[in-house]
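S.K.: So that we are looking at the same thing, I have put the structure below in structure tokens.
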Amino acid sequence: DAQESRGLGDVYKRQLSQLARPVYGGDITFELDEALRVTARTQDKETVNLASLSGGAREQLAILTRFAIAQLVGAESVPVIVDDALGSTDAHRLQLMATLFSHVGRDNQVLVFTCMPERYSRVPGRSERDIASLKGVI
């Protein structure tokens with residue numbers, strides 16, 4: 001139903017904007033297509049199409065969308081899996097994303113697979129496991 005999809009889209013956009021504010025600051029909103037995919041970001045009245053965003057901004061947005069969906073699923077906590085992301089993200093945004101990871105991690109399990117654990121070293125409360133120790137569990 002188109003009306004239901006619009007309602008879900010509005011809720012999703014609000015959640016996405018709420019999560020994005022600490023990372024980008026200012027007034028931020030998103031445009032979605034009919035499949036609820038982000039097509040553009042508007043920040044402080046400047047709209048940029050998804051394809052025109054930097055690689056780092058697209059990486060951050062991909063994580064933000066996962067976090068938003070996880071928080072909208074309902075009363076049940078759902079895991080969020082992040083695989084070797086944020087390679088194009090600058091140091092300042094890494095710090096802001098670390099805060100967001102910690103915030104989302106309070107209510108959802110966030111699993112990060114990376115060969116560059118230092119990207120996530122600023123995430124408070126994280127628990128690290130190296131691949132050798134994980135192989136010993138199997």
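The values are calculated or read from the model by the stated rules, or taken from the named source; none is laboratory data. The shown structure was predicted, so the numbers you read here are calculated from the model rather than taken from an experiment. Neighbour counts run over all protein chains shown; Cβ positions are idealised from the backbone, glycine included. Areas reflect the complete protein model, heavy atoms only, side chains present, ligands, DNA and RNA absent. Shrake-Rupley method; radii C 1.70, N 1.55, O 1.52, S 1.80 Å.
S.K.: Can you give me the P(r) profile for the range 25-100? Cα pairs, bins 5 angstrom wide beginning at 0, each as a whole percent.
M.R.: 3, 13, 22, 25, 22, 11, 4, 0
S.K.: Where in the range 74-95 does the amide nitrogen come within less than 12 Å of the point 7 Å from the Cα of residue 58, taken along Cα to Cβ?
M.R.: Under cut-off, by backbone N: 88.
S.K.: Give me the accessible area of residue 37, 1.4 Å probe, in Å² rounded to the nearest 10.
M.R.: 140
S.K.: Something else: Run the numbers for residue 109 and residue 21: contour at 0.36 nm per residue of separation, minus the present Cα-Cα distance, in nm.
M.R.: Working: separation 88, 0.36 × 88 = 31.68 nm, distance 2.16 nm.
The residue 109-residue 21 span can extend by a further 29.5 nm.
S.K.: On to the next question. Assuming 0.36 nm per residue, please report the length gained on full extension of the stretch residue 11 to residue 49 beyond their Cα-Cα distance.
M.R.: That pair, residue 11 and residue 49, stretches by 11.6 nm at full extension.
S.K.: Show the residues, 5+ positions off or on another chain, whose built amide H is closer than 5 Å to the amide H of residue 39.
M.R.: So residue 39 has HN proximity to 31, 32, 33.
S.K.: Pulled fully out, how much extra length does the chain show between residue 121 and residue 88, if you take 0.36 nm times their separation in residues and subtract their Cα-Cα distance?
M.R.: Working: separation 33, 0.36 × 33 = 11.88 nm, distance 1.61 nm.
This chain segment gains 10.3 nm when fully extended.
S.K.: Could you order 45, 13 by accessible surface area, starting with the largest, using a probe radius of 1.4 Å?
M.R.: Output order, biggest surface exposure first: 45, 13.
S.K.: Which whole number in µm²/s is D for the range 72-122 by Stokes-Einstein, with the Kirkwood Rh taken over Cα pairs at 20 °C and 1.002 mPa s?
M.R.: For the chosen part, D equals 183 µm²/s.
S.K.: Taking H as built 1.01 Å from N, whose amide H comes closer than 5 Å to the amide H of residue 112, not counting residues under 5 places away?
M.R.: 82
S.K.: Sticking with this one: Using only DSSP helix segments of four residues or longer, with each worth -39500 (n - 2.57), what per-residue ellipticity at 222 nm results for the chain after dividing by its residue count and rounding to 500?
M.R.: -15000 deg cm²/dmol
S.K.: Can you give the translational diffusion coefficient of the chain in µm²/s, computed by Stokes-Einstein from the Kirkwood radius over Cα pairs at 4 °C and 1.567 mPa s?
M.R.: Once the numbers are plugged in, D ends up at 81 µm²/s.
S.K.: Still on this structure: I'd like the accessible area for residue 92: 1.4 Å probe, protein heavy atoms, all chains in place, Å² to the nearest 10.
M.R.: The value for residue 92 is about 120 Å².
S.K.: Compute the relative contact order of the chain as a whole-number percentage, counting only Cα pairs closer than 8 Å that sit 6 or more residues apart in sequence.
M.R.: Once divided by the residue count of the chain, the mean separation gives 18 percent.
S.K.: Moving to a separate point now. When DSSP beta bridges are limited to those with both residues in the chain, what percentage is antiparallel, rounded to the nearest 5? Numbers along the way, then the final one.
M.R.: On the way: 9 of 13 bridges.
The answer is about 70 percent antiparallel.
S.K.: In the chain, what percent of the accessible surface is made up of carbon and sulfur (1.4 Å probe, ligands and nucleic acids excluded)? Please report the intermediate quantities before stating the final value.
M.R.: Working: 4400 of 8560 Å².
With neighbouring chains kept in place, the figure for the chain is 51 percent.
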